[in-house]
Amino acid sequence: MSALLHIAKKEIRIAFRERLIVFLGIIIMVLLGISLFAGFVSYEQQKEIITKTENDKRQEWLNQGDKHPHIAAHYGTFAFKPKTVLSLFDFGLDAYTGTSVYLEAHNQHEFMFRPAQDHSSMIRFGELSSSLVLQVLLPLLIIFLSFSSYTKEKESGTLKLLMSQGVSANAITWGKILAYCIILLIMLMPFFVGLILIANATANNDSLPDVASRTALLITIYAIYLFLVITIAVWISMKSLTGRNALLTLLTFWTFFVILMPKTVANLSESFYPLPSMREFKAGIEESKLNGLDGQTPRSVRMAELETEYLEKYKVDSLSQLPFNFEGVSMQAGEDYGNMVYDHHYEGIRAIFSKQNRLGSIASIFNPFIATQHLSMSLSGTDLHTFNHFENEVEEYRRMLVRRMNNDMAENSKYGEFYEYAAGEELWEEIDGFYYTAPTFFFALRPYYLELLSLLAWVVFTIFLLKRSNKKLKPIHG
Amino acid sequence: MLSLNILHETRLLSRNYWFISLSMMLLALCLYAGHNGMKHFERRQLDLQAAIENQVAKEQVVQEVALALSKGEEHPSSFRLSPTNVAIATGRLATMPATEMSKLGIGQSDLYAHQLKITSREDLATMSFNELTNPVQLLFGNFDLVFVITYLVPLIIIAFSYNLRSQELESGRLKLLASSPIRTNLWLLQRFIIRCCSLTAILTVALIVTALWIGVALSSQLLVFFLITYAYLAFWFAISYLVNILGSSSARNSISLLSFWIVIVLILPAVINQAANSIYPTPSRVSLLNEIRETKKELSEAQDQVLDEYLRNHPELIRNEGENAFGYWQGYFASQEIMEKTLAPLVDAYDQQLEKQQKWIDAWRYLSPAVLFQDGATQLAGTSSKNYNEFKGYVKSFSLNWRAHFMPFVFDNKMLDLDDLDNIPEFEYRSSIGASGIWINISVLLILSVLMALRGLGLEGKRQLL
């Protein structure tokens, strides 16, 4: 045990003597600090704006004056996607998903304003977030730090010396791994403390529930990821004959796993499961609304069937004899049909998204970087599932609003009298404001079981690999 | 020395397993990236074609009605010739066709729709240019030729040039060389130039094969694309040359070069973007939306005054039939126009803030050669942010013209006839983004390369040989 600690102490001392390593370490710490600070500032700004606008919209809805409920349903309101507190850590898809949506009767409007459209092409190089630093840059520092961990001992002959003194290969390997873990811990401690403090301070009034468990798991996931990088780097150094070989192998792995593979998987998934264009999607919805989902039941036929159904049900001769305003019923029937059409088409799109992303999940079994990236976005509330959840909640709210307006129209107005009836603040108050709460911790993690399994499997695999290689370690060079 | 060097390097490279496999890999990467670009181009064009056909069919119906009426026949769909129907339901298609060059760089084209129906119902501030794309796909970006050259080619350059001097130094041959009457740094520069030429030749072949396969015809833009690629290659060879001279071991060289790569390709673009956001924060679309809605609300509450105010400014549209001769549509068109005018300062202020941010980014792009290359290459491909901003500008100004064109018809309550249909404004997008920015990018890359080579030569005799 003491040998292990001695080795760890020596490795730490050597690392701190390397100017380049210390320099890169400082750069990474500065970048982490900047990204956390910039993320926090942008989070605070966005939050303030969204809270203010949400309040404005609420007042606007309540004070819209007396009007016909259907006009109010068209007047509608807006819903805004709030930034989650952990999005200051991992921006995820925030730049590529819309931020605002207009809610009105008859139509599901698309989400407007993807922030990426307001940036220059440079945004496609990636945004400076803490997650980028931890996922992409820190592994490189680990590689630079540890590529020569074994090869240097081999090249200088000290490995032979160590082993002849009875130090086990296990102690050497784990001593080195412990040293790198301690170095990273020293580097990352201030950052994670900062993150915990910010998350803690803002957790109570954020749209993200379970912030504490999310932050804890986020830190654990990154600890596992960085531990994996360290063990793989030490293992490759152990297996390599020279430092140069170890470095080249590690850099090739890094390029492949971090740069090449994620992009290739995303592009392949798009080729395997192509999406229709926005135009085709909208045209499909229009067509189905016009001629029915089966293409043979136009709106007029659907409405005639509805009329007959109600006339027969209430045993009356004309719509005006019904005990309620049929226009409200027909409006709602149209709305329900429109919703069904939208669901049908949008579920098709969601299914394609899901197939595309499934390929990414499968790839994460082979690539812990992809697994970490997916889990990080999910825990930060910036992944596609959280966005879908937001879309569902918004749509549910819209439907509730329109239904309430149509029901009021059916209950309180008379058939054929549109301009004569006006509802007031009482009705508007029945509709609560829209305030979004993201899915819970477990709900957020559920779609990512493959990623979680992948990380665990990688830990077991690398420990096994090291154990096996430790047994076979030969203290000779070349 | 030069001819001996060429002979030596050619022999070395032809026997170098790494070099041959990297060249094969480069060709494979270019072909795969080209294939992706081509698929994207085809999808974009097919969709555009379908949208155009759809629009033509709609316009055809209106044309047929006008033709029938011009012959004095009756037509059940004569309402189609009303100005509101033509302006709103028929509308006009604004299109941004893909150029062949876009097969080389997908750029921002996956974010935007390339056809928009212009109707008088749209308001400019909330016009949507969204294309349906998986956000995950947008985050990872496209595997196109611009990606291969920006990210991967520098890594290939580093892989086969990081130890050109250090290898000689480590084996002791450099000492031997220095004892002969040659300048070692010049000798090294020649080796670098030869390697640069070899890689340039291989990349050129790979690009030409890809261009032929995916169908990009020879054009001045393609040649400029080649030039900017060469300038980018030269930069990476030059930086590797300088690191070789300054560095003392192969491992250290590779770490230094990779650190440069990370800084230039990953960190600087992200930092510039972040800094631009902090200095000129992207104004909130949410706030803009809120203000637009407020304005709309005020205008709709004062709908009657809107028409009066509008007519005060446009007395030529006042008819003698009396105050009540104007109905809903006149009020609607007038309020749309007044709304655009009222909102214009808001939207302009928003756009100006974005413009400031863009200008700041443009000025700082010189810090990263990767940005210089990407910026130039996507502009050549017609898929850069600049191209899309230009297209948006075209769409918005056309949209205003479109409404203005129908105003007199709406206020005259006049149906359109065959001649009127022929005189409807046509949309045409013609990019006027000049190549001057690209030439500046190329010049900066070349100047940096030459400066680094000269600095290397200037260090002759000043570096260790042991």
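The values are calculated or read from the model by the stated rules, or taken from the named source; none is laboratory data. Source: prediction; values computed, not measured. Every residue, glycine as well, gets a Cβ built from its backbone with ideal geometry; the counts of neighbours run over all protein chains shown. These area figures cover heavy atoms from the full protein model, side chains too; ligands, DNA and RNA do not enter into them. Shrake-Rupley method; radii C 1.70, N 1.55, O 1.52, S 1.80 Å.
Could you work out, residue by residue across A:71-79, how many beta carbons of other chains sit within 10 Å of that residue's beta carbon, and then give the average as an integer?
Numbers: counts 0, 0, 0, 0, 4, 0, 1, 4, 0.
If you average over the peptide's residues, the count of other-chain Cβ atoms is 1.
In the neighborhood of A:ILE186, defined by Cβ-to-Cβ distances under 14 Å, what is the net charge if each Lys or Arg adds +1 and each Asp or Glu adds -1? Mind showing how you got there, number by number?
Details: positive: A:LYS9, A:ARG13; negative: A:GLU11.
Combined, the nearby Lys, Arg, Asp and Glu give +1.
What FRET efficiency comes out for the pair B:VAL56/B:SER397, r = Cβ-Cβ distance, R0 = 25 Å, nearest 0.05?
Numbers: r = 23 Å, r/R0 = 0.94.
Working from the Cβ atoms, E equals 0.60.
For B:TYR230, what accessible area in Å² do you get when you roll a 1.4 Å probe over the heavy atoms of the protein chains, rounding to the nearest 10?
Near enough 70 Å² of accessible area.
So for the pair B:ALA68, A:ALA422, with labels modelled 7 Å out along Cα→Cβ, what separation do we get in nm?
My value for the distance between the label points is 4.3 nm.
Report the charge-dipole magnitude of the stretch B:332-439 in Debye, nearest 20, computed about the Cα centre from +1 at each Lys and Arg Cβ and -1 at each Asp and Glu Cβ. Present the calculation step by step, with values, prior to reporting the outcome.
Working: 10 positive and 15 negative charges, 130 e Å.
Here the size comes out at about 620 debye.
Under the Karplus relation 6.51 cos²θ - 1.76 cosθ + 1.60, θ = phi - 60°, what is the ordered set of whole-Hz ³J(HN,Hα) values for the stretch A:343-354, x standing for Gly and Pro?
Each residue's phi maps through the Karplus curve to give 4, 4, 6, 6, 4, x, 5, 4, 5, 5, 3, 5 Hz.
Which entries in the list A:LYS67/B:LYS58; A:LYS263/B:LYS103; A:LYS81/A:LYS282; A:LYS67/A:LYS313 go over 27 Å, if you measure between the two C-alpha atoms of each? All intermediate terms of the calculation are to be shown ahead of the outcome.
On the way: A:LYS67/B:LYS58 36 Å; A:LYS263/B:LYS103 17 Å; A:LYS81/A:LYS282 23 Å; A:LYS67/A:LYS313 31 Å.
With Cα atoms farther than 27 Å apart: A:LYS67/B:LYS58; A:LYS67/A:LYS313.
Assign one of three labels to the stretch B:139-292, namely rounded, prolate or oblate, based on the Cα gyration tensor with a ≥ b ≥ c the square roots of its eigenvalues; rounded applies when a/c is under 1.5, prolate when it is not and a/b is larger than b/c, and oblate otherwise.
Values: a/c = 3.24, a/b = 1.63, b/c = 1.99.
Cα axes put the stretch B:139-292 in the oblate bin.
Pop out a list of residues from the stretch A:41-65 that are at least 40 Å² less accessible with all the protein chains around than in their chain alone; 1.4 Å probe, no ligands or nucleic acids counted.
Relative to the lone chain, where solvent access is computed with a 1.4 Å probe, the stretch A:41-65 loses at least 40 Å² at A:ILE49, A:GLU60.
Charges on Cβ only, +1 for Lys and Arg, -1 for Asp and Glu, centred on the Cα centroid of the stretch B:38-143; of B:MET101, B:PHE129, B:LEU116, which one is farthest towards the dipole's positive end?
About the Cα centre, the residue reaching furthest to the positive side is B:MET101.
Could you give the dipole magnitude of the stretch A:2-472 about its Cα centre, charging the beta-carbon of Lys and Arg +1 and that of Asp and Glu -1, in debye to the nearest 20? Can you show the working numbers first?
On the way: 42 positive and 48 negative charges, 908 e Å.
Roughly 4360 debye, rounded to the nearest 20.
Would you mind telling me the share, in percent, of accessible area of the stretch A:2-472 contributed by carbon and sulfur at probe 1.4 angstrom?
Details: 12360 of 20150 Å².
Solvent-exposed carbon and sulfur of the stretch A:2-472 make up 61 percent of the total.
Could you give the size of the charge dipole of the protein assembly as shown about its Cα centre, using +1 on the Cβ of each K and R and -1 on the Cβ of each D and E, expressed in debye and rounded to the nearest 20? Could you put the intermediate results ahead of the total?
On the way: 81 positive and 90 negative charges, 1685 e Å.
With only Lys, Arg, Asp and Glu charged at Cβ, the dipole is about 8100 debye.
How big is the gap, in Å, between the Cα center of the stretch A:399-478 and the Cα center of the stretch A:27-61?
Rounded to whole Å, the Cα centres lie 21 Å apart.
Return the FRET efficiency for the residue pair B:VAL205, A:GLU280: r is the Cβ-Cβ distance, R0 is 22 Å, and the value is rounded to the nearest 0.05. Write down the numbers at each step before the final one.
Details: r = 39 Å, r/R0 = 1.76.
The computed FRET efficiency comes out at 0.05.
Which value in nm describes the separation of the simple spin-label points at A:TYR415 and B:LEU4, placed 7 Å from the Cα toward the beta carbon?
10.7 nm
How charged is the neighbourhood of A:TRP428? Take every other residue with its Cβ under 14 Å from the Cβ of A:TRP428, and add Lys/Arg as +1 and Asp/Glu as -1. Before the final figure, lay out each step's value.
Working: positive: A:LYS57, A:ARG58, A:LYS67, A:ARG404; negative: A:GLU60, A:ASP66, A:ASP408, A:GLU425, A:GLU426, A:GLU429, A:GLU430, A:ASP432.
Spelling it out: positives minus negatives among the neighbours equals -4.
Take the alpha carbon atoms of the stretch B:409-444, find their center, do the same for the stretch A:213-231, and report the distance between the two centers in whole angstrom.
First find each Cα centre; the distance between them is then 54 Å.
What are the residues of the stretch B:371-404 that lose 50 Å² or more of accessible area, with a 1.4 Å probe, going from their chain alone to all protein chains?
Residues meeting the cut-off: B:GLN374.
Quick check: with the 1.4 Å probe, what order do B:THR99, B:THR90 take by accessible area, largest first? Don't skip to the answer; put the middle values down first.
On the way: B:THR99 70, B:THR90 10 Å².
Ranked list, largest accessible area first: B:THR99, B:THR90.
Per residue, how much accessible area does the stretch A:176-215 show when a 1.4 Å probe rolls over the protein heavy atoms, in square angstrom?
Working: 1740 Å² over 40 residues.
Accessible area per residue: 43 Å².
As a test of reading the structure, rank A:GLU411, A:GLU280, A:GLU110 by solvent-accessible area (1.4 Å probe, protein chains only), most first.
Working: A:GLU411 120, A:GLU280 90, A:GLU110 45 Å².
I get A:GLU411, A:GLU280, A:GLU110, largest accessible area first.
Heads up, I need the accessible area for A:ASP432: 1.4 angstrom probe, whole protein in place, Å², nearest 10.
We get 100 Å² for A:ASP432.
I'd like the orientation of helix B:369-381 relative to chain B: the angle between its Cα long axis and the longest Cα principal axis, in ° from 0 to 90, rounded to 10.
The angle comes out at about 40 degrees.
Could you tell me which of B:PHE41, B:VAL444, A:PHE464 has its Cα farthest along the dipole of the protein assembly as shown towards the positive end, charges placed at Cβ (Lys, Arg +1; Asp, Glu -1), taken about the Cα centre?
Going by the Cα projections, it comes out as A:PHE464.
Based on a Kirkwood Rh over C-alpha pairs, give the Stokes-Einstein translational diffusion coefficient of the protein assembly as shown at 37 °C and viscosity 0.692 mPa s in µm²/s. Show your work: numbers first, answer last.
Working: Rh = 31.6 Å.
Answer, rounded: 104 µm²/s.
Just counting partner chain Cβ atoms within 10 Å, what average do the residues of peptide B:263-274 show around their Cβ? Numbers along the way, then the final one.
On the way: counts 1, 0, 3, 10, 10, 3, 9, 11, 5, 4, 9, 9.
That average works out to 6.
Within 10 Å of each candidate Cβ there may be at most 11 other Cβ atoms; applying that plus a DSSP loop requirement, which GluC sites (Glu not before Pro) in the stretch B:392-466 survive?
On the way: sites: B:GLU426, B:GLU428, B:GLU460; in loops: B:GLU426, B:GLU428, B:GLU460.
Passing both the DSSP loop test and the Cβ count: B:GLU426, B:GLU428.
In terms of Cα to Cα distance under 24 Å, which lysines are near enough to A:LYS472, apart from those fewer than 8 places away along the same chain?
Partners found: A:LYS10, A:LYS152, A:LYS154, A:LYS160, A:LYS176, A:LYS239.
Measuring from centroid to centroid over Cα atoms, what is the spacing of the stretch A:307-374 and the stretch B:1-70 in Å?
Going from one Cα centre to the other spans 38 Å.
Go through A:GLY295, A:THR231, A:MET400 and say which Cα lies farthest out towards the positive end of the charge dipole of chain A; charges sit on Cβ, +1 for Lys and Arg, -1 for Asp and Glu.
A:THR231
Sum up the charges of everything whose Cβ sits under 14 Å from the Cβ of A:GLU305, counting Lys and Arg as +1 and Asp and Glu as -1, but leave A:GLU305 out.
Values: positive: A:ARG299, A:ARG302, A:LYS313; negative: A:ASP294, A:GLU307, A:GLU309, A:GLU312, A:ASP336.
Net charge around A:GLU305: -2.
Rounded to the nearest 500, what is the protein assembly as shown's calculated 222 nm mean residue ellipticity when only DSSP H runs of at least 4 contribute -39500 (n - 2.57) each, over all residues?
-22500 deg cm²/dmol
Checking buried surface per residue: for the stretch A:102-122, which residues lose a minimum of 50 Å² accessible area in the protein assembly relative to the chain alone (1.4 Å probe)?
A:PHE113, A:ARG114, A:GLN117, A:ASP118, A:HIS119, A:SER120, A:SER121, A:MET122
Using only protein heavy atoms and a 1.4 angstrom probe, determine the accessible area buried between A and B, summed over both sides, in Å² to the nearest 100. Walk me through the numbers before you get to the answer.
Values: alone 24440 and 23720 Å², together 40770 Å².
Interface between A and B: roughly 7400 Å².
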